[in-house]
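S.K.: Submitted below is the structure of interest, expressed as structure tokens.
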Amino acid sequence: PCGFLSTRPDGTIIKINGTLLHWLDHTRAELVGRRRFTDLLTVGGKLYHETHFAPLLRMQGEIGGIALELRRADGGRLPVLVTSVLRHGKDGRPAVVRTTVFDAHDRRSYERELLRARRQADEERDRLQKLVTTLQRSLLPPALPQVPGVEAAAHYRIASPDRVGGDFYDLFPLRGDRWGFFLGDVSGKGPEAATVTSLIRYTLRAAAETAPDLTGVLRTLNTAVLHQDHPGGQPRFCTVVYGELAPDGDGVALTLAGGGHPPALLLHADSTATYRFTPGGMLVGVAEDAEFATARARLAPGDTLLLYTDGLTEARTDDFGGRYGEEALHAFAAALAPARPAAVVAAVSDLLTGFGEGLDDDAAVLALGVPPRVPAVSASGSPTPAPS
């Protein structure tokens, strides 16, 4: 099943078996005592033999699994794997080199097929990632609208480029001068989670126009999620914060309704940060009689509201399962305050990047803020304090 030959230390062939002669299409008389092992190699093989193979064999006494190419009598090439052992005579000097030759043609074919399959898999993965990216973008607003008197910024970080996540956010106009917004997270990943995400976005937008209050919006959403079809066989639920903005003097009045979601974070113009909880809000899509809670606040000039999904606070920070957590996020926000929405989102984006492989889940953030007051300028050209 394999070729075999023996050579003197100078490489002259002194023995060769019929298998190797058949592979090379030579006769014994053509090779034994007349040719050297290097004469059977291609030009590149000869160079490798002289610079690497032979020196290593002399130093180690044995070398195996070396890929070379032998030349057939008709000029064709035979890929082989070569193993050689150097035997010494009674005087301790090199006497003979015994070499075993394995036909690597099938291995080369396998390696070529493996390489082709790998290229195909890479192409399929690229197509999948493009599809995931396109689908993910379709579940998010292409751009946040301009809200009079309010600045807005958002960011979505995908943890796995191969799977569609279930995080979502939106900002949209309501009747009058009110604006609605929401941010949330659907359980699970993949196409089923994307289907529920789409249902949630459209249900929230529609309910915001018809429900009597913010808890009514979440109750409508709860009913829709509970009665959804389950193509994957597994019911889905979500956490969500829904809110509305309305002008309030030089700031905006803010109302929040929470459904089992992490608390909103307020970065104040006075360089402090506080959580705004909606205690008692239940997960959406778990119980028919789910209860939801509301909270009110006011964004004054220089204040910024930050909403986020738990992919941020549950990011791993060490090899022992430690999580980032809400306390660390509070300290992070307090160090940023005061900061405008774009700066807050940029800082959170850098924070997410810093987690590296510790980011196990997708993360979405939405920041809304009122621009700080611009100091008035006196007739002399110097700024005057803004009225309190």
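The values are calculated or read from the model by the stated rules, or taken from the named source; none is laboratory data. All values reported here derive from a predicted model rather than from experimental measurement. We place every Cβ from the backbone using ideal geometry, glycine too, and count neighbours over all the protein chains shown. To get the accessible areas, we keep the full protein, side chains included, count just its heavy atoms, and leave off ligands, DNA and RNA. Shrake-Rupley method; radii C 1.70, N 1.55, O 1.52, S 1.80 Å.
S.K.: Only one residue in Thr239, Thr272, Thr278, Thr294 is of a type in the set (S, T, N, Q), within 20 Å of Glu209 (Cα to Cα) and touching a strand residue (DSSP E or B) at 6+ places or on another chain (Cβ under 9 Å). Which one? Before you say what the answer is, go through the steps one by one.
M.R.: Working: Thr239 fails: within 20 Å of Glu209 (Cα to Cα); Thr272 fails: within 20 Å of Glu209 (Cα to Cα); Thr278 fails: within 20 Å of Glu209 (Cα to Cα).
Within the list Thr239, Thr272, Thr278, Thr294, the selection yields Thr294.
S.K.: Would you check which residues across segment 286-300 are open to solvent by less than 20 Å² (accessible area, probe 1.4 Å) and closer than 15 Å to Phe237 by Cβ and list them? First the steps, then the outcome.
M.R.: Applying the first criterion (open to solvent by less than 20 Å² (accessible area, probe 1.4 Å)) to segment 286-300 yields 290, 293, 295, 299.
The one that is open to solvent by less than 20 Å² (accessible area, probe 1.4 Å) and closer than 15 Å to Phe237 by Cβ: Ala290.
S.K.: Follow-up. When the residues of segment 200-216 are narrowed to those that are without any contact (Cβ under 8 Å) to a residue 24 or more places away in the chain and touching a Leu at 6+ places or on another chain (Cβ under 9 Å), which ends up surrounded by the most Cβ atoms within 10 Å (Cβ to Cβ)?
M.R.: Of everything passing the filter in segment 200-216, Ala207 is surrounded by the most Cβ atoms within 10 Å (Cβ to Cβ).
This table checks each residue for (1) assigned to a strand (DSSP E or B); (2) open to solvent by less than 70 Å² (accessible area, probe 1.4 Å); (3) modelled with pLDDT under 95; (4) under 20 Å from Gly64 (Cα atoms).
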position: Pro1; (1), (2), (3), (4): no, no, yes, yes
position: Ser6; (1), (2), (3), (4): yes, yes, no, yes
position: Asp10; (1), (2), (3), (4): no, no, yes, yes
position: Lys15; (1), (2), (3), (4): yes, no, no, yes
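S.K.: Is it the case that some residue within segment 319-331 is over 26 Å from Ala257 (Cβ atoms) and crowded, with 19+ Cβ neighbours inside 10 Å?
M.R.: No, the conditions are met nowhere in segment 319-331.
S.K.: Next question, about the same structure. Considering only residues that are open to solvent by 30 Å² or more (accessible area, probe 1.4 Å), assigned to a loop (DSSP other than H, G, I, E, B) and hydrophobic (A, V, I, L, M, F, W, C), look in segment 154-177 and name the one that is farthest from Gly356 (Cα to Cα).
M.R.: From segment 154-177, those open to solvent by 30 Å² or more (accessible area, probe 1.4 Å) are 154-163, 173, 175-177; that's our starting set.
Next cut, assigned to a loop (DSSP other than H, G, I, E, B) only: 158-163, 175-177.
Adding the requirement that they be hydrophobic (A, V, I, L, M, F, W, C) leaves 158-159.
Numbers: Ile158: 12, Ala159: 9 Å.
If we take residues in segment 154-177 being open to solvent by 30 Å² or more (accessible area, probe 1.4 Å), assigned to a loop (DSSP other than H, G, I, E, B) and hydrophobic (A, V, I, L, M, F, W, C), then Ile158 is farthest from Gly356 (Cα to Cα).
S.K.: Yes or no: segment 239-259 includes at least one residue that is open to solvent by 60 Å² or more (accessible area, probe 1.4 Å) and of a type outside the set (D, E, K, R).
M.R.: yes
S.K.: Residues in segment 339-353 that are open to solvent by 60 Å² or more (accessible area, probe 1.4 Å) and at pLDDT 95 or above: how many? Spell out how you get there, then give the answer.
M.R.: Of segment 339-353, the ones open to solvent by 60 Å² or more (accessible area, probe 1.4 Å) are 340, 342, 350, 353.
When the remaining residues are screened for being at pLDDT 95 or above, the result is 340, 342, 350.
Qualifying residue count for the region: 3.
S.K.: Ok, one more. What residue, of Ala104, Ala54, is open to solvent by less than 40 Å² (accessible area, probe 1.4 Å) and farther than 25 Å from Pro1 by Cβ? Spell out the reasoning first.
M.R.: Working: Ala104 fails: farther than 25 Å from Pro1 by Cβ.
Only one candidate qualifies: Ala54.
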